[in-house]
1. Quick one: which of 130-140, 13-23 comes out on top by average Cβ neighbours within 10 Å, and what's the full order, highest first?
2. Please list, in chain and number order, the residues 5+ apart from Asp122 or on another chain whose amide H is under 5 Å from its amide H, with Hs placed from the backbone.
3. If you average the sequence gap of Cα pairs under 8 Å that are 6 or more apart and divide by the length of the range 17-146, what percent do you get for the contact order?
4. Among bridges DSSP assigns within the range 69-158, what percent are antiparallel (round to 5)?
5. ³J(HN,Hα) across the range 122-128 via Karplus (A = 6.51, B = -1.76, C = 1.60, θ = phi - 60°), whole Hz, x for Gly/Pro?
6. Can you give the angle from 0 to 90° between the axis of helix 140-150 and the longest principal axis of the chain, with both taken from C-alpha atoms, to the nearest 10?
7. Give the calculated FRET efficiency between Ala31 and Arg88 to the nearest 0.05, with a Förster radius of 35 Å applied to their Cβ-Cβ distance.
8. Treat every Asp and Glu Cβ in the chain as -1 and every Lys and Arg Cβ as +1, leave all other atoms uncharged, and give the resulting dipole magnitude about the Cα centre to the nearest 20 debye.
Amino acid sequence: MTEREWLPPEDWYASLPTVYVSAGALITDPAGRVLLVKPNYRPYWQFPGGVVEPGEAPHEGCAREVREEVGLALDVGRLLVVDWIPVRGDRPRPALYFVFDCGVLDQDPRIDLQHEELDGYDFLPPEHAVAMLNPPVASRLPAALSARERGNTVYLPE
């Protein structure tokens, strides 16, 4: 008899490993510049996006966070990047970060910034945008741009 056969389902599920899940959007303008936002609670810029809520699919969390943070109701397209981040510092569980293709915006999109969490936004050339990201996660941007161009998905294990 295996452990699964004698544990009540709620105990068995409670014993399984869990992860934190977040999702971000690759959004560019017609010139190929990347939209990044500056959170007021971190020193680095990031993709629009955030934590996926319990019971929410990652693509739905991405769409919700983009609406909340920059006021854009965008179609969430293909999954471009899956980034696995091990336990670090005060975070007791590993994390998964998904980057979805949210398209190329028309000229001069109307950005309605969520001032409670964000200090600003900018469309940046990719080489400048990478330098604005937290170094441990900066590889997400070139991976996402490459995946968009090649039509594939990139897995970034640390």
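1. On the way: 130-140: 15.5, 13-23: 13.0.
Sorting 130-140, 13-23 by mean packing, highest first, produces 130-140, 13-23.
2. Result for Asp122 returns Leu36.
3. Values: 272 pairs, mean separation 44.4, N = 130.
Rounded, it is 34 percent for the range 17-146.
4. Taking every DSSP beta bridge with both residues in the range 69-158, the antiparallel ones total about 65 percent.
5. Those phi angles translate into 7, 9, 10, x, x, 5, 7 Hz.
6. It works out to around 80 degrees.
7. Numbers: r = 35 Å, r/R0 = 1.00.
Calculated value: 0.50.
8. On the way: 14 positive and 25 negative charges, 99 e Å.
That gives a dipole near 480 debye.
Each value in this text was obtained by applying a stated rule to the coordinates, not by laboratory testing. Predicted model, so just to flag it, every value in this text is computed and none were measured. Neighbour counts are summed over all protein chains in view; Cβ atoms, including those assigned to glycine, are modelled from backbone coordinates with ideal geometry.
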